[in-house]
1. Need the failing condition index for Ala176 against (1) more than 24 Å from the chain's Cα centre (by Cα); (2) crowded, with 22+ Cβ neighbours inside 10 Å; (3) of a type outside the set (S, T, N, Q), just the number.
2. Among all residue pairs at least 6 apart or on different chains, which show Cβ distances below 6 Å where the first residue, located in the stretch 304-319, is crowded, with 20+ Cβ neighbours inside 10 Å and among the hydroxyl-bearing types (Ser, Thr, Tyr) and the second is at pLDDT 85 or above and assigned to a helix (DSSP H, G or I)?
3. Yes or no: the stretch 399-407 includes at least one residue that is among the aliphatic types (A, V, I, L, M) and at pLDDT below 80.
4. Taking Ala51, is it assigned to a helix (DSSP H, G or I), small (Gly, Ala, Ser) and either at pLDDT below 90 or under 27 Å from the mean Cα position of the chain (by Cα) (or both)?
5. Quick one: which of Gly135, Gly140 is in contact with a Leu (Cβ under 7 Å, 6 or more places away or on another chain), over 30 Å from Ala33 (Cα atoms) and in a helix (DSSP H, G or I)?
6. State which residue pairs qualify: first residue touching a residue at least 24 places away in the same chain (Cβ under 8 Å) and inside the stretch 149-161, second residue aromatic (Phe, Trp, Tyr) and surrounded by 18 or more Cβ atoms within 10 Å (Cβ to Cβ) in any location, beta carbons under 6 Å apart, and separation of 6 or more residues or different chains.
7. Can you spot a residue in the stretch 337-346 that is in contact (Cβ under 8 Å) with a residue 60 or more places away in the chain and farther than 20 Å from Tyr396 by Cα?
8. Somewhere in the stretch 244-266, is a residue at negative phi, modelled with pLDDT under 90 and among the basic types (Lys, Arg)?
Amino acid sequence: MEPEDEIYENGGEQPPAPRSKPVISGEQLDVEAYASLYRDRTKVARLLFVADRCNNEAMQLEALRMAYDEIKKGENTQLFREVVEKVGGRLGDKYGADASWCEAVDRRAEQKKEKLENELNSYRTNLIKESIRMGYNDFGDFHYAHGALGDAFKSYVRTRDYCTTSKHIISMCMNAILVSIEMGQFTHVTSYVSKAEQTPDALDPTTVAKLRCAAGLAHLETKKYKLAARKFLETGPELGSHYNEVIAPQDVATYGGFCALASFDRTELKAHINYSTLNKVIDNLNFRNFLELVPEVRELINDFYSSHYASCLEYLGNLKQNLLLDIHLHDHVETLYDQIRHKALIQYTHPFVSVDLRMMANAFKTSVAGLEKELEALITDNQIQARIDSHNKILYARHADQRNATFQRVLQTGSEFDRDVRSMLLRANLIKYDHNLRASRKL
């Protein structure tokens, strides 16, 4: 056998030839199409994030223009002034500081705030619980619309003491979750998701899907990728576009797909067992509906499972720049990519007794020296049981001596059997001669 051959442990054939090269999109992010997936504050926040992070001035100005237009539909004058400053006159007079609009909005806000305070004071004087709850809720909506997220959160949470039905509790939790996500307070998100799930009688399928997305985002933020993947995979198709003030269906596919690739092993990708119920990634009909919205992620998962690493890595490379512009995923892209690549390396070497590093480097589109360093790190971390022949550039798997291991197991089993038999004989003799009974009589 030639040294450069890769050999399966079972002595089988080489892996199947790679399929024909798929069409991979590496297009620049379409800002308008991207923004159309969202609404309200998250739409503006995502546009501003794109403007801050992208290195393309045309894209940046397009994002700022759309953010400017969206903000003027609302009442957040502080955010409006920030966007105007970011635009810096680059979009012409039409997108400059509109002082008259700001003054009018601020004046109306003061009047509305005074009215809400008078109404709430009246409700509190009359001790009408439902009116007080609605008063605090209106105050929360007011602060949220004007960008005072901390005050909005406090107002929404204050409705808790005045909730009289399960639906009221769910409404309070959903409002608190929405504001907490925008503030980046994901411990609050986890807490209120848990509280909402404790009132199952008021949960409809759409609300359940929203809660799972919120929990998934919280786990993603804390880098608990496996838990995040499970939540996104459990999200039902009822979500649709009903939660686009937080997340779009395309995000469910992207976040869930990448977290699953980084944290599930190959068999779990095909059929993941979770809480004694069959929950699948590739064969999950519900999640497949989300994956159909993002074909690149769908093909990426299929390529990884099918060991088409060249295609898989090409998808990863083409998706990376756009993922770095995602407001929730950007901090995790490098970590997720590293974990996915490491899993691919482990998966590639697992079936073989020996692997030619030159062929493997070609499959992973890297240099032999670079591949050696990656494999060395995985071997040191005990993720790959192998040793490297640096001279011949071959990776040899380390396998335990099966013959010796079998003898050791047989000897251990014999010792355990001998001990059990002696214990049973001793117990039988104790019972036969009433030893336990006599001892108890003496006492």
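The values are calculated or read from the model by the stated rules, or taken from the named source; none is laboratory data. Everything numeric here is computed off the predicted structure, so don't read it as measured data. Note that we place each Cβ from the backbone using ideal geometry, even for glycine, and neighbour counts take in every protein chain shown.
1. (1)
2. Listed by first residue and then by second, the contacts come to Tyr309/Ala344; Ser311/Asp303; Tyr315/Glu296; Tyr315/Leu300.
3. So far as the stretch 399-407 goes, yes, one or more of its residues are among the aliphatic types (A, V, I, L, M) and at pLDDT below 80.
4. On the way: assigned to a helix (DSSP H, G or I): yes; small (Gly, Ala, Ser): yes; either at pLDDT below 90 or under 27 Å from the mean Cα position of the chain (by Cα) (or both): yes.
Here the answer is yes, as Ala51 does meet what is asked.
5. Going through Gly135, Gly140 in turn, just one is in contact with a Leu (Cβ under 7 Å, 6 or more places away or on another chain), over 30 Å from Ala33 (Cα atoms) and in a helix (DSSP H, G or I): Gly135.
6. Ala152/Tyr144; Thr159/Tyr136
7. There is at least one residue in the stretch 337-346 that is in contact (Cβ under 8 Å) with a residue 60 or more places away in the chain and farther than 20 Å from Tyr396 by Cα.
8. Yes, the stretch 244-266 has at least one match.
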